[in-house]
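Encoded as structure tokens, the structure appears first; notes follow it.
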Amino acid sequence: MATMEVNVPDIGDFDEVAVIELLVKVGDKVRAEQSLITVESDKASMEIPSSHAGVVKALQVKLGDKVKQGSVILLLDTEASASEAKSLAPAAPVSQPAVAPPVPAAALVPAAAPVPASAPVHASPPVMAGESKQSSGLPHASPSVRKFARELGVPLAEVKGSGAKGRISLEDIQSFSKAVMSGDTRTQAQAAKAPAGDGAGLGLIPWPKVDFAKFGPIERKELGRIQKISGANLLRNAVMIPAVTNHDDADITELEAFRVATNKENEKSGVKVTMLAFLIKACVSALQKLPQFNSSLDGDSLVYKQYWHIGFAADTPNGLMVPVLKDADKKGILQISAEMGELAKKAREGKLSPAEMTGATFTISSLGGIGGRYFTPIINAPEVAILGVCRSTMQPVWNGQAFEPRLMLPLSLTWDHRVIDGAAAARFNAYLGQVLSDFRRVML
Ligand code: CAO
């Protein structure tokens, strides 16, 4: 058995490219031309195949490393006896369509490890391998599509790609997953044959194809990177979670008066206390009282988290982001307000780190600064609930003797019915309402 280096082959015009995915690990047996790593430049992502067969002895690169032609990827124990150990000319990298530089997992991306996500594939890529499988035997799919399939537990080998040369797209994975969830084997088979995203996997009529330009002038704009990433996550969460939304109102008359007074007192501190800071604190109290709301499903078990990290949706020029306020249970309203302000600023400037966007146990989406009455937020999986908040309004509220003007805050709690039942959801909202109407309850 001989040890040899496997190097980055000629990858065209790129000086240095970043390693965004490791496709093998030490001890893996690889075939000649099997993809070893994925690299990404500002123009394209490419899978670098092995020039030889053998067993991986040591990886010489890690995620984020910059490599160029000649860089050592790994050391391979070549199998002298194996027929595939024959030396081949360096295999060509498999290109994928142009993608922007990697961004950390963004809006409504699950709290799992940050993904150096590539945009979903829309164009026909200049792939260099054969029909529906790569020469490595793996189905054609970009790293982001493979990651999405892994997250959903979809076996890529069973998905029929609708793209050029059988390339599997995000929409193919979604169609396959929807068909499997419908439990109809006939539909599953259809899903494999159906063109991507046409709804045929669910037995639905195809998505309407309209030549909008026929009816008037139009402008076409590509979706932003974050929109694409969050769109895929939102779709998965909307389709896969049996979600129910309960609406309620909380009387925040006294709390708002206290907030305004606090801001007056702290005028010089530069920290503005917003209703969202109180909501974060109140939600932590509700999550502690009803811990199933702070859990995640893991197969047949429920993981109860002993920490309270609250994500909050932030509207940014790049799209929806969800910064995470860590250990909200240990922080006071002023600290929460200050940290939230910093996180929201970073979100708007596109400067959030992956660590600042992951690990949430519950999310709040507040449209209170904008308006509206109620809405149905989509759960940020693997969390099991999300609170939507709209603008508070003065309402006539019956106090037993007369109508009184009270400042009412509309709450919309969406919850995963696999984990939570309607009674618990009603209790959550009712308790939240009690806390918000008399914040001293947080201390009880
Ligand atoms: N009712 C009435 N007024 C409210 C309110 C509520 N529920 N919540 C906030 N306000 C007021 C604030 O008091 C503030 O008023 P002043 O300027 O007079 O003091 C104003 O609205 C603006 O508040 P804000 O939005 O800047 O602050 P916030 O803490 O409420 O929110 C943030 C911060 C980052 C959540 C918010 O800026 C944001 O991005 N919201 C949008 C979230 C979103 O897009 N959700 C949808 C997700 S699903 O697509």
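Of all residues in the range 54-71, those satisfying the criterion of being out of contact with any Leu (no Cβ under 8 Å at 6 or more places or on another chain) and surrounded by 15 or more Cβ atoms within 10 Å (Cβ to Cβ) are 65, 67, 69, 71.
Within the range 199-221, does at least one residue satisfy the condition of being under 30 Å from residue 39 (Cα atoms), at pLDDT below 70 and assigned to a helix (DSSP H, G or I)? Within the range 199-221 (the criterion being under 30 Å from residue 39 (Cα atoms), at pLDDT below 70 and assigned to a helix (DSSP H, G or I)), the answer is no, since none of the residues qualifies.
Might you let me know whether the range 260-272 holds any residue that is under 20 Å from residue 441 (Cβ atoms), in contact (Cβ under 8 Å) with a residue 24 or more places away in the chain and not in a helix (DSSP H, G or I)? For the range 260-272, residues under 20 Å from residue 441 (Cβ atoms), in contact (Cβ under 8 Å) with a residue 24 or more places away in the chain and not in a helix (DSSP H, G or I): absent.
For residue 299, the conditions (1) in contact (Cβ under 8 Å) with a residue 40 or more places away in the chain; (2) under 25 Å from the mean Cα position of the chain (by Cα); (3) assigned by TED's automatic domain parsing to the domain that holds residue 326 are fulfilled apart from (1).
So is residue 6 buried (at least 20 other Cβ atoms within 10 Å of the Cβ) and either within 13 Å of residue 53 (Cα to Cα) or assigned by TED's automatic domain parsing to the domain that holds residue 64 (or both) or not? Here the answer is yes, as residue 6 does meet what is asked.
When residues of the range 253-272 are filtered for being surrounded by 15 or more Cβ atoms within 10 Å (Cβ to Cβ) and near the ligand (Cβ under 9 Å from one of its atoms), how many remain? Residues meeting the conditions: 4. The criterion of at least 3 residues that are crowded, with 20+ Cβ neighbours inside 10 Å, within 12 Å of the ligand (Cβ to nearest atom) and of a type in the set (Asp, Glu) is met by none of the strands (runs of 3 or more DSSP E) falling completely within the range 315-418.
The values are calculated or read from the model by the stated rules, or taken from the named source; none is laboratory data. Since the model is a prediction, treat every value here as computed from it, not as a measurement. Counting neighbours? That spans all protein chains shown, and the Cβs are built from the backbone with ideal geometry, glycine included.
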